[in-house]
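The values are calculated or read from the model by the stated rules, or taken from the named source; none is laboratory data. Predicted model, so just to flag it, every value in this text is computed and none were measured. In this analysis, Cβ positions are derived from the backbone assuming ideal geometry, glycine residues included, and neighbour counts consider all displayed protein chains. Heavy atoms of the whole protein, side chains included, go into the accessibility calculation; ligands, DNA and RNA do not. Shrake-Rupley method; radii C 1.70, N 1.55, O 1.52, S 1.80 Å.
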Amino acid sequence: MTRIVVDAMGSDNYPAPDVQGAVMAVREYGVEITLVGDISKIQPILNSLDSGSLPIRVVNAPEILTMHDKGEDLVMKARHKEAQNSMAVGIDLVKSGEADAFVTAGNTGAAMVTSLFRLGRIRGVDRPALAGPFPTATGICNIVDIGANPDCKPENLLQFGIMGSVFSERVRGVRNPRIGLISNGEEAGKGSELVKGAYPLLANAKLNFIGNVEGKEIFNGGVDVAVTDGFTGNVFLKATEAVAKLMIEKIRETIKNGNLPTKVGGALVRPALGSIRKMLDPSEEGAAPLLGVNGLVFIGHGRSDALAMKSAVRVAKEAAEAKVLDAMKSAIEESLKK
């Protein structure tokens, strides 16, 4: 049985959605869950969900890392051997081999720093990266990086491409994933100095590199993995989320305020709109993997609900069962031989 640690104190509305999602995941996916956090707040919710017979345990972690933890204060809380915050305690369970993966909807920076200090990096990886799943015309494209590294070197983008390719193949089931480099033009000479420097590295790697891609090619399903720096990736992420939300809201508003034929038409297309809304809903994927650390770590939105937490556990389970970490280590090791 795959063992997943869930940070019960991660989401904005902790611990209710975190605990509820974990219980849903145990019932649907057959995983073993360890909830880490304040046991006095977690246990009453578990009791209300009739979870007594389920393979769920609670490990007490009385402290919480929040958005206010930054700089040296965050570093101390992340690296202190006896740290009692839920992220440190949970990640230590992965490090010790007591769990296969860690899931949190907490502070992204805190999760990354804690993972780095307590798990370390895969040999050959300079910087871990977040691989965000984006819906496309043909499925899912993982964009690496979506915010962990605002400033990058060409070598970092090569590593992102290798790790993204392994994740897409092992977890998404994509055979020979197509790797693209986000740029402002498809021609090889286009882009910033970073893009121009990364292009030949990706082209000469053992990857299915198809060259530069613009935003439209990502949504058209032209690539399975799109590589970029964390600054560009995060802007891309926030803009995409905002446009998706705007579209849904405007369609709903137009139907609601329209005449009778418009409202009748709206009722007829409601099932189709529901399918589109589901496709654009980030809770369907739940969390993004932090690629490059020496352990499986998944980070979700702070506003994650129970469905998002359940989905995050599913993705973590799939990654653990596909042995994606071992495959990533082998791929990076192979790249170092050149």
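Of everything in the stretch 37-54 that is of a type in the set (Gly, Ala, Ser) and part of a loop (DSSP other than H, G, I, E, B), the residue that is nearest to ASP18 (Cα to Cα) is SER51. Number of residues in the stretch 281-322 that are over 26 Å from ASP126 (Cβ atoms) and aliphatic (A, V, I, L, M) equals 6.
Of everything in the stretch 8-29 that's among the charged types (D, E, K, R) and under 18 Å from ASN85 (Cα atoms), which residue is most open to solvent (accessible area, probe 1.4 Å)? Filtering first and then ranking leaves ASP12.
Each row is one residue, and each column tells you yes or no for (1) over 25 Å from THR108 (Cα atoms); (2) touching a Ser or Thr at 6+ places or on another chain (Cβ under 8 Å); (3) open to solvent by less than 40 Å² (accessible area, probe 1.4 Å).
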site	(1), (2), (3)
VAL6	no, yes, yes
ILE33	no, no, yes
ASN47	yes, no, no
ASP50	yes, no, no
ASN60	no, no, no
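So which residues in the stretch 304-330 are assigned to a helix (DSSP H, G or I), among the hydroxyl-bearing types (Ser, Thr, Tyr) and surrounded by 20 or more Cβ atoms within 10 Å (Cβ to Cβ), if there are any at all? Listed by number, the list holds a single entry, SER311. Of the residues making up the stretch 96-149, those that are surrounded by fewer than 20 Cβ atoms within 10 Å (Cβ to Cβ) and at positive phi are GLY97, GLY120, GLY124, GLY139.
Pick out the one residue from LEU260, LEU237, LEU268 that is within 19 Å of the chain's Cα centre (by Cα), surrounded by fewer than 22 Cβ atoms within 10 Å (Cβ to Cβ) and modelled with pLDDT under 90. Please lay out each step first, then the result.
Working: LEU260 fails: within 19 Å of the chain's Cα centre (by Cα); LEU268 fails: within 19 Å of the chain's Cα centre (by Cα).
On inspection, the qualifying residue turns out to be LEU237.
Can you tell me which residue among GLY197, GLY173 is farther than 19 Å from ALA287 by Cβ and either more than 16 Å from the chain's Cα centre (by Cα) or of a type in the set (A, V, I, L, M, F, W, C) (or both)?
On the way: GLY173 fails: farther than 19 Å from ALA287 by Cβ.
Unique residue meeting the criteria: GLY197.
Given the residues ARG170, ARG175, which is the only one that is closer than 25 Å to VAL315 by Cβ, charged (D, E, K, R), at pLDDT 90 or above and surrounded by fewer than 16 Cβ atoms within 10 Å (Cβ to Cβ)? Going through ARG170, ARG175 in turn, just one is closer than 25 Å to VAL315 by Cβ, charged (D, E, K, R), at pLDDT 90 or above and surrounded by fewer than 16 Cβ atoms within 10 Å (Cβ to Cβ): ARG175. Kindly indicate whether any position in the stretch 113-125 is in contact (Cβ under 8 Å) with a residue 60 or more places away in the chain, within 14 Å of LEU291 (Cα to Cα) and charged (D, E, K, R). Yes; the residues of the stretch 113-125 include at least one that is in contact (Cβ under 8 Å) with a residue 60 or more places away in the chain, within 14 Å of LEU291 (Cα to Cα) and charged (D, E, K, R).
How about the stretch 189-198: which of its residues are farther than 20 Å from PHE236 by Cα and either crowded, with 19+ Cβ neighbours inside 10 Å or touching a helix residue (DSSP H, G or I) at 6+ places or on another chain (Cβ under 6 Å) (or both)? Break it down into steps so the answer makes sense when it comes.
Going residue by residue through the stretch 189-198, those that are farther than 20 Å from PHE236 by Cα are 189, 197.
Within the stretch 189-198, GLY197 is the sole residue that qualifies.
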